[in-house]
Amino acid sequence: MFTLIELPYKSLAPMISDETLSFHHGKHLQTYVDNLNKLIAGTEFEALCHSERSEESVLEEIIKKSTGGIFNNAGQILNHDMYFLQFRTPDQVGGDGASLPAPTTSSLPAPTGNLLAQIVKQWGSVEAFQTEFEAKGTGLFGSGWVWLQANEAGELTIGQYQNADNPVAHGLKPLLTFDVWEHAYYLDYQNRRAGYLKALWDIVNWEELEKRYK
Ligand code: MN
């Protein structure tokens, strides 16, 4: 049985409102978890869940071996787990997200270590990488995900994926992802997907991404 992840923060406001966070995590992701548990009952995948392996590793195996509804729901659980766990409450806001002084670009979170070095090596600057990432997110037609992903050599690419698809299904390591399904931003940004993507940089937890890259 898969379970809904707990969020490591109380609020991501104002970049993502509490209402969006509540629906996105508590309703959308919960539904994918419930659907997958129903769909794998009695299949080879149910037995994997009773093994000693981590939920993440079982999820990756299901994504690599399944199609149809099982693939879609397993993919969406992995996508959302990695999306929600890559954020942190913005520095300029209290721990509960209560106060809302304007963020300043000088104190925005930034990548560090090996991941920073690789981004600068390939894109020239963090800003150039972010510009391409936002453009690929804005340019993705319909529902899906934009991912920063790595191959076995540690080389980075930005991938556009439709619906529930993700780097794991294509043998790549998933690092950073922005959800561009409308349910991720429509309450807060309506049709302004580009504004939503730009705002997310303020809440990215680069320390978590550095761990994923290692
Ligand atoms: Mn979503």
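The values are calculated or read from the model by the stated rules, or taken from the named source; none is laboratory data. Predicted model, so just to flag it, every value in this text is computed and none were measured. Methodologically, a virtual Cβ is constructed for each residue, glycine included, from the backbone with ideal geometry; neighbour enumeration extends over all protein chains shown. Protein only, heavy atoms only, side chains kept; ligands, DNA and RNA dropped before computing areas. Shrake-Rupley method; radii C 1.70, N 1.55, O 1.52, S 1.80 Å.
Quick notes on this structure:
- The single condition among (1) out of contact with any His (no Cβ under 6 Å at 6 or more places or on another chain); (2) at pLDDT 95 or above; (3) not in a loop (DSSP other than H, G, I, E, B) that Gly142 does not satisfy is (3).
- A single entry from Asp179, Asp188 fulfils the requirement of being over 25 Å from Ser57 (Cα atoms) and out of contact with any Lys or Arg (no Cβ under 9 Å at 6 or more places or on another chain): Asp188.
- Candidates are the residues of the range 130-146 that are over 24 Å from Ser66 (Cβ atoms) and aromatic (Phe, Trp, Tyr); the one that is surrounded by the most Cβ atoms within 10 Å (Cβ to Cβ) is Phe133.
- Qualifying residues in the range 8-50 (those that are among the aliphatic types (A, V, I, L, M) and within 18 Å of Tyr185 (Cα to Cα)) - the one nearest to the ligand (Cβ to nearest atom): Leu29
- Residue within the range 96-115 that is modelled with pLDDT of 90 or more and open to solvent by less than 40 Å² (accessible area, probe 1.4 Å) present: yes
- The helices (runs of 4 or more DSSP H) falling completely within the range 166-214 that include 1 or more residues that are open to solvent by 10 Å² or more (accessible area, probe 1.4 Å), at pLDDT 95 or above and within 16 Å of the ligand (Cβ to nearest atom) map to 186-189, 193-200.
- Members of the range 7-29 that are surrounded by 14 or more Cβ atoms within 10 Å (Cβ to Cβ) and in a helix (DSSP H, G or I): Asp18, Thr20, Leu21, Phe23, His24, His25, His28, Leu29
- Any hit, the range 147-165, residues being over 25 Å from Ser57 (Cα atoms) and open to solvent by 10 Å² or more (accessible area, probe 1.4 Å): no
- One residue from Leu39, Leu48, Leu4 being open to solvent by 10 Å² or more (accessible area, probe 1.4 Å), closer than 24 Å to Pro167 by Cα and not in a helix (DSSP H, G or I): Leu4
- Some residue of the range 24-34 being out of contact with any strand residue (DSSP E or B) (no Cβ under 8 Å at 6 or more places or on another chain), over 18 Å from Asp179 (Cβ atoms) and hydrophobic (A, V, I, L, M, F, W, C): no
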